[in-house]
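Colleague: Before I ask anything, here is the structure I am working with.
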Amino acid sequence: MTLFRLINIVICIVLIGVTLPVFGQEYDDLETFDYSEIKEYEVAGVKVSGAETRDRNAIISISGLEVGKKIRIPGDDISNAVKSLWKLRLFDDVQIIQEKLEDDLLYLIIYLRERPTYSKHSYKGVKKLHHDDLNTIIEDILAKGSIITDDRKQLLIYKIQEYFIGKGFLDTKVKIREIPDKTLENAVRLIVDIKPNQKVKIADIHINGNDAFKDGRLRRKLKNTKRKKTLFKKSKFVKADYEVDKQDLVTFYNTRGYKNAKIITDTTWRNKDGLMEISIDIKEGNIFYFRDISWKGNAKYSDDQLNTVLGLAKGDIFNPELLEKRLRFSLDGRDVSSLYLDDGYLFFDVQPVEIAVENDSIDLEMRIYEGPQATIDKVTIAGNDRTNEHVVRRAIRTHPGQKFSRSDIIRSQREISNLGYFDPETMDIQTPVNQERGTVDINYKLVERPSDQLELSAGYGGFQGLIGTLGVAFNNFSIRNIKDRTQWNPLPQGDGQKFSVRVQSNSRFFRSANISFTEPWLGGKKPNAFTIGAVYTGSDYSLFSQGKLNIFRVFAGLGRQLKWPDDFFSSSTTLTYENIGLENYSFAGFFVNNTPIRNGVFKNISLTQTFTRSSISEPIYPTSGSRVSLSLKLTPPYSLFRDNSDAGEISQARQDEIMEELDFNFGPANPPTAADYADAINSESLARRFKFLEYHKWRFDAEWYYSIVGKLVLAANLKLGIVGYYNEDIGIGPFERFELGGDGLSNQNVGITGRDIIALRGYEVSDLPVNNNLGGASIFDKVTMELRYPLSTNPSSTIYVHAFVQGGNSWIGFKNFNPFEMRRSAGGGLRVFLPMFGLLGFDYGWGFDNPGMFGNFNIVLGFEPD
């Protein structure tokens, strides 16, 4: 008898004989096999015991012991059946038993004990912030009701350790325990016991073989792998980040001309303190330079044209990253690829090939495939659940039948973002190509974000009492859907119109209300924005004998997109009528030549023309681009069409009346002085002179944004304003001046209108002398530099912090103007943009030229102050 046959006999004895008592059954009546010789039996019946939830026929089929099958005992049939059932990994125990034997007919019983199923799990020893990620790991491996196997538990342990190791916890220990779930039959719950232990910090990074660059500079290129002693950067060792950093280190050498630089070896080990030590051996090689650059396959553009765009000359240090950027992926569009892609050559390709390397010089041949020009076939828009499709289509620059242009797609992306209705972070633009037809489809996939804003605030303003504000701005309004109640949410929406209402009052002294409506596409064919609105402001300080102020304003404006000098330019023209009424008003003075104006009714009819060029990348947190605007607000030059020799002249009879009114107001106990009489008469004289206000008012505003590194953005801002007059005899009026200082917001709550309120962080309004008893300035300038860093760019809450330096000042008249006489300040702050509430934030500014000892804390609500 061979050894193999002897082993099979032993297995059969174990399976058929020894295992019987395990199930607590009596089999004394079963016949005993004679294993001294091989005998063939026919399977006459098979029963399955246990595994009640499993398909009986499927189990029998998998075992291979179907009725009628001839099997040998001793032989491989029984052992193969057991192996097949074990491979299912569904059972803790598998046994095949002889039930009875009739001549050559064999009756079998397959006994199975199912493994427990998974019901739920819990964690021990790990913070809740990790639970969501760990749940995802478990759900990928175990579904509820699935069989728990040792392999699956080991895989869970491996994946959980991998997760924590990826966060720097290299010594993570994981144990999984099974606890019977009494609420379910044959089910267990898992207790995942995790001990992350401490993150493994990096003791030191040893760099060897570097001659061109110092160790410190190379360590800084390892952005995610930092030593324990590094300030402002947490030290932890993460294998994946380390591999990326090594490649970045080689790339750094490549961009400096070290074409053949490479890391020969690197080693990591734990020192006696458990900290990670890293050693990197570098082979730098020599610096290489560009020599001859030739072009092949170019028919559309000449070699000289392509060389100009490429911007690389003989003798420049060989930089493959710069070469690739100039060929394909320059963010500013200065690359060879853009030259072709903006002219429809969608199938364009260029491959730089090194045709010669001599000593330290490299010759390149740029092999171009121009291909045919591609035409846009279909333009589809998806994801605009609330915004009507025509609103998006009129913003994009890609239309069926046009030649493909990458610049048009980039511009379309910018214009969609500037609508403010969609999340720029999730915007996806796909360009499936049909090469046979030479066409391309453009698919815009958008995700809506909230655009309407609610302003609801209350505050206590000292003697002014409680000040409340309620405002709503519907930025995606639809006036044509007012009758369609299905489009109301909460008002009709989807056509990109803007409708806003705002009221503010403290019930005692101040009240304000405004309403406006904007149709951005008047007529529906061109981006001609039509705006109408009205504003009312009233202040009553009679209780303090400081009079009343009432202002009513209506306006209408028309804005349009320009094609020249380029289509980033826009024009806006606004006609405004304003009525200003003063009644013994002295709370916030209006002055002309140091003389206050307390009474009168003034008409302000003006036309404002503004030219703006805006190329900012995104309206909420711009990272690139600029916005520059120049505006001129002017009134009719009334004084040029009338005799001004007696302008503001008051008859003697009226002067007597004024003096009598003053006597009555002052009373006999405290009679007015000669100066009081003169001020009152002069005030009314000035009120008559400026009954119809005349002026020309200029504003220049510019802002630039530049991404320094990653998400860190530099923002620069310049503002300049000038108020001029037509007639020197009339001079500058009491209104339409500039008031610099404060936060640019709180000043408006006291009813000071007819002035441009300009924030200057670090200074109160009273810190600038021109604001005290002079009624504001006729000229101002302001310069700001900010560093911004976003904490969140989520469309539901955009948050960023910033640090700033700022300077500004204001003057009366050009003779006092000195652009270098700045009130300087510095500080920092936070901005939070919530779609429903607009902009919220605060600043703390320290004024270097402030006579006070402490800085100012400013609150920002609703919008960024001027």
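The values are calculated or read from the model by the stated rules, or taken from the named source; none is laboratory data. Predicted model, so just to flag it, every value in this text is computed and none were measured. In this analysis, Cβ positions are derived from the backbone assuming ideal geometry, glycine residues included, and neighbour counts consider all displayed protein chains. Protein only, heavy atoms only, side chains kept; ligands, DNA and RNA dropped before computing areas. Shrake-Rupley method; radii C 1.70, N 1.55, O 1.52, S 1.80 Å.
Colleague: Being part of a loop (DSSP other than H, G, I, E, B) and modelled with pLDDT under 90 is the filter; apply it to region 88-134 and report the residue that is surrounded by the fewest Cβ atoms within 10 Å (Cβ to Cβ). It would help to see each step written out before you state the result.
Modeller: Going through region 88-134, the residues part of a loop (DSSP other than H, G, I, E, B) turn out to be 88-90, 103-104, 115-116, 125-127.
With the extra rule that they be modelled with pLDDT under 90, the set shrinks to 88-90, 103-104, 115-116.
Details: 88: 15, 89: 12, 90: 18, 103: 8, 104: 11, 115: 17, 116: 17.
Step by step, filter region 88-134, then rank; the result is 103.
Colleague: Among all residue pairs at least 6 apart or on different chains, which show Cβ distances below 9 Å where the first residue, located in region 179-200, is within 22 Å of residue 116 (Cβ to Cβ) and modelled with pLDDT under 90 and the second is in a loop (DSSP other than H, G, I, E, B) and basic (Lys, Arg)?
Modeller: Listed by first residue and then by second, the contacts come to 186/115.
Colleague: Restricting attention to region 180-197, and to residues there that are over 45 Å from the mean Cα position of the chain (by Cα) and part of a strand (DSSP E or B), which single residue is surrounded by the fewest Cβ atoms within 10 Å (Cβ to Cβ)? Show your work before the answer.
Modeller: Here is the first cut: in region 180-197, the ones over 45 Å from the mean Cα position of the chain (by Cα) are 180-187.
Keeping just the survivors that are part of a strand (DSSP E or B) gives 180, 187.
Values: 180: 12, 187: 18.
Across region 180-197, the extreme among qualifying residues is 180.
Colleague: Can you find a residue that is polar (S, T, N, Q) and in contact with a Pro (Cβ under 6 Å, 6 or more places away or on another chain) anywhere in region 549-563? Steps first, please.
Modeller: In the first step, residues of region 549-563 are kept if they are polar (S, T, N, Q); the result is 550, 561.
If we keep only those that are in contact with a Pro (Cβ under 6 Å, 6 or more places away or on another chain) too, we end up with 561.
Yes, region 549-563 contains at least one residue that is polar (S, T, N, Q) and in contact with a Pro (Cβ under 6 Å, 6 or more places away or on another chain).
Colleague: Which pairs do you get when a residue that is more than 18 Å from residue 302 (Cβ to Cβ), found in region 344-372, comes within reach of a residue that is of a type in the set (Ser, Thr, Tyr) and assigned to a loop (DSSP other than H, G, I, E, B), reach meaning Cβ atoms under 9 angstrom, with the pair 6+ apart or on two chains?
Modeller: Final answer for the pair search is 344/405; 346/431; 371/345; 372/345.
Colleague: Within region 677-684, identify whether any single residue is open to solvent by 50 Å² or more (accessible area, probe 1.4 Å), at pLDDT below 90, acidic (Asp, Glu) and more than 49 Å from the chain's Cα centre (by Cα), and answer yes or no.
Modeller: Yes; the residues of region 677-684 include at least one that is open to solvent by 50 Å² or more (accessible area, probe 1.4 Å), at pLDDT below 90, acidic (Asp, Glu) and more than 49 Å from the chain's Cα centre (by Cα).
Colleague: Still on this model: Sort out which residues of region 135-173 are under 30 Å from residue 275 (Cβ atoms), among the charged types (D, E, K, R) and in a helix (DSSP H, G or I), and write them in order of number.
Modeller: 159, 162
Conditions (1) at pLDDT 75 or above; (2) in a strand (DSSP E or B); (3) open to solvent by less than 60 Å² (accessible area, probe 1.4 Å), marked per residue:
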| site | (1), (2), (3) |
| --- | --- |
| 639 | yes, no, yes |
| 648 | no, no, yes |
| 660 | yes, no, no |
| 665 | yes, no, no |
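Colleague: Can you tell me which residues in region 766-793 are buried (at least 22 other Cβ atoms within 10 Å of the Cβ) and among the hydrophobic types (A, V, I, L, M, F, W, C)?
Modeller: Correct list: 768, 770, 777, 779, 780.
Colleague: Of everything in region 751-798, what is more than 30 Å from residue 576 (Cα to Cα) and modelled with pLDDT under 75? Give them in sequence order.
Modeller: 795, 796
Colleague: Please work out which one of (1) farther than 21 Å from residue 201 by Cα; (2) in contact with a helix residue (DSSP H, G or I) (Cβ under 7 Å, 6 or more places away or on another chain); (3) not hydrophobic (A, V, I, L, M, F, W, C) is the condition residue 266 fails and give its number.
Modeller: It is condition (1) that residue 266 fails.
Colleague: Now for a different question. Here is a check on your reading of the model: is residue 713 open to solvent by less than 70 Å² (accessible area, probe 1.4 Å), assigned to a strand (DSSP E or B), at pLDDT 90 or above and more than 19 Å from residue 632 (Cβ to Cβ)? Walk me through it before giving the result.
Modeller: On the way: open to solvent by less than 70 Å² (accessible area, probe 1.4 Å): yes; assigned to a strand (DSSP E or B): yes; at pLDDT 90 or above: yes; more than 19 Å from residue 632 (Cβ to Cβ): yes.
Here the answer is yes, as residue 713 does meet what is asked.
Colleague: Shifting gears a bit: Can you run down the residue pairs with Cβ atoms below 8 Å, 6 or more apart or on separate chains, where the first is in region 88-110 and without any contact (Cβ under 8 Å) to a residue 24 or more places away in the chain and the partner is of a type outside the set (A, V, I, L, M) and open to solvent by less than 50 Å² (accessible area, probe 1.4 Å)?
Modeller: Taking only residues 6 or more apart or on different chains, the pairs are 92/114; 92/115; 94/111.
One line per residue, one yes/no per condition, for (1) surrounded by fewer than 16 Cβ atoms within 10 Å (Cβ to Cβ); (2) touching a residue at least 40 places away in the same chain (Cβ under 8 Å):
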site: 475; (1), (2): no, yes
site: 482; (1), (2): yes, no
site: 489; (1), (2): yes, yes
site: 511; (1), (2): no, no
site: 514; (1), (2): no, no
site: 526; (1), (2): yes, no
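Colleague: Continuing with this model, one more query. Which of the residues spanning region 600-632 are part of a loop (DSSP other than H, G, I, E, B) and touching a helix residue (DSSP H, G or I) at 6+ places or on another chain (Cβ under 6 Å)? Before you say what the answer is, go through the steps one by one.
Modeller: Residues of region 600-632 part of a loop (DSSP other than H, G, I, E, B): 615-624.
Within region 600-632, 618, 619 qualify.
Colleague: Those residues that are closer than 15 Å to residue 362 by Cα and open to solvent by less than 40 Å² (accessible area, probe 1.4 Å), I need them from region 245-284; list them, please. Let's see the steps before the verdict.
Modeller: Within region 245-284, the subset closer than 15 Å to residue 362 by Cα is 254-260.
The answer is 254, 255, 257, 258.
Colleague: Going through region 832-848 one residue at a time, which ones are open to solvent by less than 60 Å² (accessible area, probe 1.4 Å) and touching a residue at least 40 places away in the same chain (Cβ under 8 Å)?
Modeller: Correct list: 833, 835, 838, 843, 845, 847.
Colleague: Here is a further query. Checking the structure you have, find out if any residue of region 654-675 is touching a helix residue (DSSP H, G or I) at 6+ places or on another chain (Cβ under 8 Å), of a type in the set (Gly, Ala, Ser) and farther than 30 Å from residue 576 by Cβ.
Modeller: no
Every residue, every condition in (1) over 27 Å from residue 285 (Cβ atoms); (2) in contact with a Pro (Cβ under 8 Å, 6 or more places away or on another chain); (3) open to solvent by 60 Å² or more (accessible area, probe 1.4 Å), yes or no:
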residue	(1), (2), (3)
336	yes, no, no
340	yes, no, no
346	yes, no, no
358	no, no, yes
372	yes, no, yes
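Colleague: Can you find even one residue in region 562-570 that is in contact with a strand residue (DSSP E or B) (Cβ under 8 Å, 6 or more places away or on another chain), surrounded by fewer than 18 Cβ atoms within 10 Å (Cβ to Cβ) and part of a strand (DSSP E or B)?
Modeller: yes
Colleague: What residue, among those in region 528-553 that are hydroxyl-bearing (Ser, Thr, Tyr) and outside any loop (DSSP other than H, G, I, E, B), is most open to solvent (accessible area, probe 1.4 Å)?
Modeller: Taking region 528-553 first, the residues hydroxyl-bearing (Ser, Thr, Tyr) are 531, 536-537, 539, 541-542, 545.
From what is left, the residues that are outside any loop (DSSP other than H, G, I, E, B) are 531, 536-537, 539, 542.
Values: 531: 35, 536: 80, 537: 11, 539: 2, 542: 59 Å².
Selected residue: 536.
Colleague: Something else now. Checking the conditions here, which among 600, 533 is within 27 Å of residue 481 (Cα to Cα) and of a type in the set (Gly, Ala, Ser)?
Modeller: Just one listed residue meets the conditions, 533.
Colleague: For the list (1) over 29 Å from the mean Cα position of the chain (by Cα); (2) at pLDDT below 95; (3) closer than 27 Å to residue 172 by Cα; (4) open to solvent by 30 Å² or more (accessible area, probe 1.4 Å), I need the number of the one condition that residue 299 fails.
Modeller: Result: residue 299 fails condition (3) only.
Colleague: What about residue 66, is it open to solvent by 40 Å² or more (accessible area, probe 1.4 Å), within 27 Å of residue 186 (Cβ to Cβ) and in a loop (DSSP other than H, G, I, E, B)? Even if it seems obvious, please write down each step before you answer.
Modeller: Details: open to solvent by 40 Å² or more (accessible area, probe 1.4 Å): yes; within 27 Å of residue 186 (Cβ to Cβ): no; in a loop (DSSP other than H, G, I, E, B): yes.
So residue 66 fails the test.
Colleague: When you scan region 393-402, do you find a residue that is polar (S, T, N, Q), in contact (Cβ under 8 Å) with a residue 12 or more places away in the chain and open to solvent by 60 Å² or more (accessible area, probe 1.4 Å), even just one? Give the derivation first.
Modeller: Taking region 393-402 and keeping what is polar (S, T, N, Q), we get 398, 402.
Next cut, in contact (Cβ under 8 Å) with a residue 12 or more places away in the chain only: 398, 402.
Filter again for open to solvent by 60 Å² or more (accessible area, probe 1.4 Å), leaving 402.
Yes; the residues of region 393-402 include at least one that is polar (S, T, N, Q), in contact (Cβ under 8 Å) with a residue 12 or more places away in the chain and open to solvent by 60 Å² or more (accessible area, probe 1.4 Å).
Colleague: Among 159, 153, which is open to solvent by 70 Å² or more (accessible area, probe 1.4 Å) and under 30 Å from residue 86 (Cα atoms)? Full working, then the answer.
Modeller: Values: 153 fails: open to solvent by 70 Å² or more (accessible area, probe 1.4 Å).
Checking each option against the conditions leaves just 159.
Colleague: Out of 600, 581, 557, I need the residue that is more than 24 Å from residue 771 (Cα to Cα) and open to solvent by less than 40 Å² (accessible area, probe 1.4 Å). Which one? Break it down stepwise before answering.
Modeller: Numbers: 600 fails: more than 24 Å from residue 771 (Cα to Cα); 581 fails: more than 24 Å from residue 771 (Cα to Cα).
From the options 600, 581, 557, the qualifying one is 557.
Colleague: Still on this model: Would you mind stating whether residue 698 is assigned to a strand (DSSP E or B), within 30 Å of residue 792 (Cα to Cα) and open to solvent by 80 Å² or more (accessible area, probe 1.4 Å)?
Modeller: Working: assigned to a strand (DSSP E or B): yes; within 30 Å of residue 792 (Cα to Cα): no; open to solvent by 80 Å² or more (accessible area, probe 1.4 Å): yes.
No, not satisfied.
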